[in-house]
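Asker: I'd like to ask some things about the structure below.
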Amino acid sequence: MNRLKEMREVRGYTLDDVEGLTGIKRGTYSNYENGNTEPKLKTWQKLADFYGVSVPYLQGRYDHLTKKEALQVIHEVMSVCGISKEELKDRL
């Protein structure tokens, strides 16, 4: 199973947000998430670039992010939640 829904939800995006930010129609993206249709390679790459991860990770081919991918996800989540680096250091 691909990680499209997981990546969208982790970043706090709605289907409408994804459509506005990528140009991929809401219904089309929903079909990709649910496995009803498969994106073409060009679209996989567009989505991987959008989420800052590799195509194989987004496709669910392996279970771990690279260090760079993990740091990007952490940075985006912190930004969405309004958490500063100092706050994170204080809590660890």
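Bear in mind that the values in this text are calculations on the coordinates, not laboratory data. Because the structure is predicted, anything quoted here is derived from the model rather than measured. A quick note on method: Cβ atoms are made from the backbone with ideal geometry, for glycine too, and the neighbour counts reach across all protein chains shown.
Asker: For the chain, what is the charge dipole size about the Cα centre, in debye to the nearest 20, if Lys and Arg each add +1 at the Cβ and Asp and Glu each add -1 at the Cβ?
Answerer: So the dipole magnitude of the chain works out to roughly 300 debye.
Asker: Among the lysines, select those whose C-alpha is under 28 Å from the C-alpha of K46, and discard any that sit fewer than 8 residues away in the same chain.
Answerer: Within the straight-line cut-off, K46 pairs with K5, K25, K67, K68.
Asker: Also, I was wondering about something else. Just name one of L41, I24, T66: the one whose Cα is farthest towards the positive end of the charge dipole of the range 15-92 (beta-carbon charges, Lys/Arg +1, Asp/Glu -1).
Answerer: Result: L41, furthest along the dipole toward the positive end.
Asker: With no solvent and one equal point scatterer placed on each C-alpha of the chain, evaluate the Debye formula and give log10 I(q)/I(0) for q = 0.11, 0.12 Å⁻¹, two decimals.
Answerer: -0.34, -0.40
Asker: What are the DSSP H helices in the chain that stretch 20 Å or more along their long axis, judged by alpha-carbon atoms, and whose average Kyte-Doolittle hydropathy comes to at least -1.0?
Answerer: 67-81
Asker: Also, quick follow-up: Looking at the chain, identify the longest residue range that excludes and avoids all trypsin sites (Lys or Arg not before Pro) in DSSP loops having at most 13 other Cβ atoms within 10 Å. Before the final figure, lay out each step's value.
Answerer: Values: sites that count: K25, K40, R61.
Answer from the scan: 62-92.
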